[in-house]
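Data block below; observations after.
The values are calculated or read from the model by the stated rules, or taken from the named source; none is laboratory data. This structure is a prediction, so every number in the text was calculated from the model and none was measured. We place every Cβ from the backbone using ideal geometry, glycine too, and count neighbours over all the protein chains shown. The protein model used for the area step is the full one, side chains on, heavy atoms only, and it has no ligands, DNA or RNA in it. Shrake-Rupley method; radii C 1.70, N 1.55, O 1.52, S 1.80 Å.
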Amino acid sequence: MIITKDLHELPKQHVRFIDTRFDLQNPTWGEQAYQQDHVQGAIYWHLEDHLSDMSRSEGRHPVPSKQRMTKLIQASGLTYEDELVIYDQGNAPFAARAAVLLLWAGFTNVSIAREGYGRLKEVFPLEGGTAWYPSTNQTLQFHDGLLANQQDVKNHIAQNGMLIDARSTDRYRGVTEPIDAIAGHIPTAANIDWEQLKSDRGLLKGTEAEALFRHLPEEKEIMTYCGSGVTASPLTIALLESGRENVRLYAGSYSDWIQTNEIETSK
């Protein structure tokens, strides 16, 4: 399963583009950039309006409910037959966040254009404004094993599962914490900074990131997390691409965990 693709590897027929450009420091930027220009026919999914349900309490970017995800898919005019190509600005986690949610929702024809919009716009026709499609009645078959909640993580730890923190080493160790109220990491977690997946061609494919994963035991289920479930998404995708089948994303991540649980530090 290779989701992260170069331009020449993207599907050529029945393609639907999804623009997920976003800036955590400026949440209106991505949609404004989309309105100005985007790949012709692309719809826009906003991290907080579409790829999260900010009314929920499970961390800073809680994933949408199944009902909400179904409404998004149907309102976007998508079906399982579509070849979905997701892009963001490149070397960012937002297309991967959308990809994880689409895999969870049962889509199999999912590609991330890893070189980002800057490369796509050199090749594909562009347009401005908002693309529109008639809604569909696509029913979704959710892959419940892909996303984990807080209790799943507790069970995972009790069963000696592998837990990977995708944040920076300093945040993992508890040296600094610029966002959440408590510094540290979930007990037993190891650390692979998701930014190690960045390259001059965009995010690494799983086969290219094997050196990062070589020390991980093949037989163990792996759960990934970050601050809010966003930057752990590229790591989750890369692990799946590397051939590891038992990989789950802790959707609420560290910002959910610290609400009621103890943490560790390793300063």
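Structural remarks
- Residues located in region 67-81, provided they are in contact (Cβ under 8 Å) with a residue 60 or more places away in the chain, open to solvent by less than 50 Å² (accessible area, probe 1.4 Å) and of a type in the set (A, V, I, L, M, F, W, C): 69, 73, 78
- Hits in region 201-240 - residues which are assigned to a helix (DSSP H, G or I) and surrounded by 24 or more Cβ atoms within 10 Å (Cβ to Cβ): 232, 233, 234, 235, 236, 237, 238, 239
- Residue identified as within 14 Å of the chain's Cα centre (by Cα) and in contact (Cβ under 8 Å) with a residue 40 or more places away in the chain among 84, 147: 147
- Residue in region 103-111 that is open to solvent by less than 50 Å² (accessible area, probe 1.4 Å) and more than 20 Å from the chain's Cα centre (by Cα) present: no
- Some residue of region 139-160 being open to solvent by less than 40 Å² (accessible area, probe 1.4 Å) and of a type in the set (Ser, Thr, Tyr): no
- Number of residues in region 161-197 that are part of a loop (DSSP other than H, G, I, E, B) and of a type outside the set (A, V, I, L, M, F, W, C): the value is 12.
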